[in-house]
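Just so you know, all these numbers are worked out from the coordinates, no wet-lab data involved. This is a predicted model, so every value here is computed, not measured. For neighbour counting, all protein chains shown are included, and Cβ atoms are generated from backbone atoms with ideal geometry for every residue, glycine included.
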Amino acid sequence: MSILTTTDLGVSFSTESGTVDAVRGVSLHVEPGETLALVGESGSGKSTVALAAMGLLSGNAAATGSAVVDGHEIVGAAEPALRSLRGSTVSMVFQEPATALDPLTRVGAQIAEVIRNHGDVSAADAAARAVDLLDRVGIPSPAQRARAFPFQLSGGQRQRVVIAMAIANSPKLLIADEPTTALDVTVQAEILELLRRLAADTGTGVLLVTHNMGVVADFADRVAVMLQGSIVETGSVEDVLLRPQHEYTKRLLAAVPRLAVAEAGAAVTSGASGVAVTSGAAVASGASGVAVASGASGADGSDGRRGAAPVVDLRDVSVTFGRGARAVHALQGIDIAVHAGETVGLVGESGSGKSTAARVALGLVKPTSGSVHLFGSDLRTARGRDRRALRSGIGVVLQDPVASLDARMSVAECIAEPLAVHRRGMSSADRRKRIDEVLDAVRLPRALASRAPRELSGGQRQRVSLARALVLSPRLLVADEPTSALDVSVQETVLEVLRELQDDLGFACLFVSHDLAVVQQFAERVVVMRQGVVEEQGTTGATLMHPTTDYTRRLLAAVPVPDPVVQRQRRVERLATLGAVTA
Amino acid sequence: MTAQLAPEAPGAASLVQPVAATGWRLAVRRFRHNTLAVIGLVVIVVIVLFCFVGPFLYPTDQTHTQLSQANLAPGAAHLLGTDAVGHDVLGRLMFGGKVSLMVGIAAGVLATVVGTLWGSIAGYVGGWVDAVMMRVVDAGIAIPALFILLVISAITTPGVWGLIVILGFVSWLVPSRLIRAETLTLKNRDYVLTLRAIGGSHARAIGRHLLPNSVSTIVVAATFQVADAILLVAYVSYLGLGVQAPATDWGGMLSAGLTAAYSGRWWLIVPPGLAVILVVCAFNAVGDGLRDAFDVRGR
């Protein structure tokens, strides 16, 4: 019998501008010991389904249809009945481990509280079981760690504690809403491994909500694809990911950037057999571009200065924040150079210093030591007018599509801001014309110019950011995670626009990303960073196909690929390598 | 090709937002849906008209005492009666209201302006400048405003302008903290970083981004400051430290009428008391309404 069955589940939110149907007629079921992945892009209603199954919808939501958990109807159930189910029969793992834990309570006590909420257990027994649970979720020296506060644990450890709380009362259904999205890939791989093992050991049914097809391939048995509140396709993970039937699923999968790796040579071929034709081609073209750019030192940059001087050159740059015992060495003697016309991908996990390096290149962070040359001039010695002139050659695109544009300005004003800074004398007609040109360049309709950023989608906003970055015809574009807040299909569009523009305009691009697959498709050279140090750098093809350092190898092995067959093989290989390392 | 590939799945946020409503229009609509705030606005408008236009429609002599007309109960000749020296109370309510409103609004605005400048400089510059400026604020908050007012009034008797300056300078501390917090979050927004990266000046960052985006916070703070200042004027005058006779304000009227209240002459106490309560509540309701109305950025 199914542990979770929803029948014709509908959820609508009443807002001040009318009623919004977030979920429409969703019917699905999760069997004991099975993992059902609910995938879709933002706004598809996948999280709302998960919350409805927990009875955790917000006050302005109305649910219709039925959601039955272990024989109990959730829709319309009274709060006390729901409370006795939550945490015992069904429990939830949320996306952000930092906010899911009480910062002022020791983690052991937080787990014990969940145990005592649902059973007549003595405090001592609960504490002992909390230690057992920490052990089960793989936290080393659990007895000591139970006395730690959440801030003393790493992000991955915190998520393990959240999982320990979720499985404390041996739930029959575990709902995991983007459980690894906030984590680095190597940590993500560990957490997925843990969840898989726990589900298999205890026969718990798992409803996994995610946007990441790699995670789906790694973890799920069955997949349900959601689009605008409805399920458009359901099936086994192999069927849906390798032989998608619905048009939308096909598009979605085609847009997922795929990592091509030499070790798992099967990855490229088997992926290409199904859906990855376009992206496979993209990888190939990216790889062929490598040879040209790496040797030529950007000599073919159309409007860049000719010669060997890089557009931006960081030499032996160190950055230290703070002083004394609390000093943080964000960068330690790194060398990065970007030449005209080439794209350099800066990759690494959180805390590796990649964003700091980008900010040093932009002149937003002053290096503690070392030198930064922008267009051949030293940023430190340039003053006043020269410094401003240097900076007019830079374009910037940052991560957050919401925070990147001032909500109080129109799209045209946002795009025109660099002109207002550097081309004061420009007539408003010329300005208007230039805005239309860059809107065309990023493939946005000119009519958007008078709109407010608020009315635009995330992808459109990032293209407005790109338009603003391009309005001065920059020689260097610094993009810090420009697509990581976007859905894959939108990401694909933005990256394609970026690539075309670079071909036309020949600017150099420093591309910061945590997503190795995106960097592999997009960058000619790659710099792998770890804890403020450049671990490895070289052409993208060589570095990501045949990495020379263990760290890069581990990073690559941890990336889940959206192909269940290949991913299973990669997982086995990865665990074997890790086992060999520890043994 | 990819343009059609990307359905740009409308996020939950964009579904909720009505298309083509600008921020200001949306704010006005939200404000209009807040009944209490609209009532508050109407009350403020009515009272302002009453105080500033009323004297032309209902002229009374508020400078000369007329002892023959003293202490009359409300009647046809004097709608709200007269006080101990023969001033018409209704007329006096307008006359005193002018002072109360002018001093209250001017002091509230002054406090907000000083607080905004102080807080935004501290927040934007940061570092030790911020630390020093904020310790000054902490020290100021630690000293009760009433204590400062008592000390000042012991030294000097302020006129209307003096009162505005004094009240303004005892109440800028809270808005300065609010604006500093706002500045701290705004200056690290991506669009400010982007502007700085391409070489935009600090003046531009402040003038084009920080100030326009803090306007809502500033306006809301100002509304509450005005309400506070009107109350402050009333109790400063009530303690006999306000404007001097023959000028008066609502607090002064309360103070003058207090003894009379025990002999049953309620009309000396109730009208100015009600006026103060009404105006303060109205400004607070409007402030609440504005805060909700402006809270559109996060949604």
Hey, what number do you get for chain A at 222 nm if only DSSP H runs of n ≥ 4 count, each worth -39500 (n - 2.57), divided across all residues, to the nearest 500? -12500 deg cm²/dmol
J(HN,Hα) series, the stretch B:82-92, from Karplus relation 6.51 cos²θ - 1.76 cosθ + 1.60, nearest Hz, glycine and proline x: 10, 9, 5, 10, x, 6, 5, 5, 4, x, 5
In terms of the Cα gyration tensor, with a ≥ b ≥ c the square roots of its eigenvalues, is chain A rounded because a/c is under 1.5, prolate because a/b exceeds b/c, or oblate? prolate
Simple spin-label estimate for A:ARG385 and A:PHE151 in nanometres, 7 Å along Cα-Cβ: 5.0
Working from Cα positions, state the angle (0 to 90°, nearest 10) between the long axis of helix B:23-33 and the longest principal axis of chain B. 40
What ³J(HN,Hα) values, in whole Hz, does the Karplus curve 6.51 cos²θ - 1.76 cosθ + 1.60 give for the stretch A:358-370 when θ = phi - 60°, with x put for Gly and Pro? 5, 6, 5, 4, 7, x, 7, 10, 7, x, 5, 8, x
The answer for the per residue Cα convex hull volume of the stretch A:96-170, in Å³, is 76
Other-chain or far-sequence residues with amide H under 5 Å of A:VAL75's (modelled H): A:ALA67
Using the count of nearby Cβ atoms within 10 Å as a rough guide to exposure, how do A:ASP316, B:ASP138 rank from fewest to most? B:ASP138, A:ASP316
At 222 nm, what value in deg cm²/dmol follows for chain B if DSSP H runs of at least 4 each add -39500 (n - 2.57) and the sum is divided by all its residues, to the nearest 500? -22500 deg cm²/dmol
Quote to one decimal, in nm, the extra length available between A:ALA309 and A:SER27 on full extension: 0.36 nm per residue of separation minus the C-alpha distance between them. 95.4 nm
Which percent, nearest 5, of DSSP beta bridges in chain A are antiparallel? 55
On a straight-distance basis, which lysines could pair with A:LYS366 in a cross-link, Cα separation under 22 angstrom, same-chain partners fewer than 8 positions away excluded? A:LYS354, B:LYS187
Specify the inter-centroid distance of the stretch A:223-257 and the stretch A:180-217, based on alpha-carbon positions, in whole Å. 19
Label A:ASP102 and A:GLU500 with points 7 Å out from Cα along Cα→Cβ: what is the distance between them in nm? 5.5
Which whole-number percent is the relative contact order of chain A (Cα, under 8 Å, 6+ apart)? 15
Between the stretch A:423-440 and the stretch A:350-385, what is the C-alpha centre distance in whole Å? 30
For the stretch A:3-19 and the stretch A:530-583, what is the centre-to-centre distance using only Cα atoms, to the nearest Å? 42
Cα convex hull of the stretch B:80-294: how many Å³ per residue? 127
Checking the stretch B:206-299 for chymotrypsin sites (Phe, Trp or Tyr not before Pro) in a loop per DSSP with at most 15 other beta-carbon atoms within 10 Å yields B:TYR262
Over all directions, the stretch A:1-117 yields a Cα convex hull whose mean projected area in nm² is 8.9
May I ask for the angle, rounded to the nearest 10°, between helix B:127-142 and the longest principal axis of chain B, with both axes built from Cα atoms and the value confined to 0 to 90°? 30
Between 0 and 90°, nearest 10: helix A:107-117 axis offset from chain A longest Cα axis: 40
Straight-line reach from A:LYS172: which aspartates and glutamates have a Cα under 18 Å away, not including same-chain ones fewer than 8 places off? A:GLU31, A:GLU34, A:ASP70, A:GLU73, A:ASP201, A:ASP221
Per-residue ³J(HN,Hα) for the stretch A:409-423, Karplus 6.51 cos²θ - 1.76 cosθ + 1.60, θ = phi - 60°, Hz, x for Gly and Pro: 10, 7, 4, 4, 5, 4, 5, 7, 4, x, 5, 5, 7, 10, 10
Amide N of the stretch B:248-277 lying under 12 Å from the label point, which is placed 7 angstrom from the Cα of B:ALA73 along Cα→Cβ: B:264-267
Which residues' amide hydrogens lie under 5 Å from the amide hydrogen of A:LEU477, considering only partners 5 or more residues apart or on another chain, with H built in the peptide plane? A:GLY395, A:ALA508, A:CYS509, A:LEU510
Given R₀ = 56 Å, FRET efficiency for A:SER473-B:THR157 by Cβ-Cβ distance, to 0.05? 0.25
Can you give me the long-range amide H partners of A:ARG24? Hydrogens built in the peptide plane at 1.01 Å from N, cutoff under 5 Å, separation of 5 or more residues or another chain. A:VAL11, A:SER230
Taking 0.36 nm per residue of sequence separation and subtracting the Cα-Cα distance, how much length would be gained by fully extending the chain between A:PHE321 and A:ARG196, in nm to one decimal? 41.0 nm
Simple spin-label model, 7 Å along Cα-to-Cβ: B:ASP138 to B:TYR58 in nm? 5.1
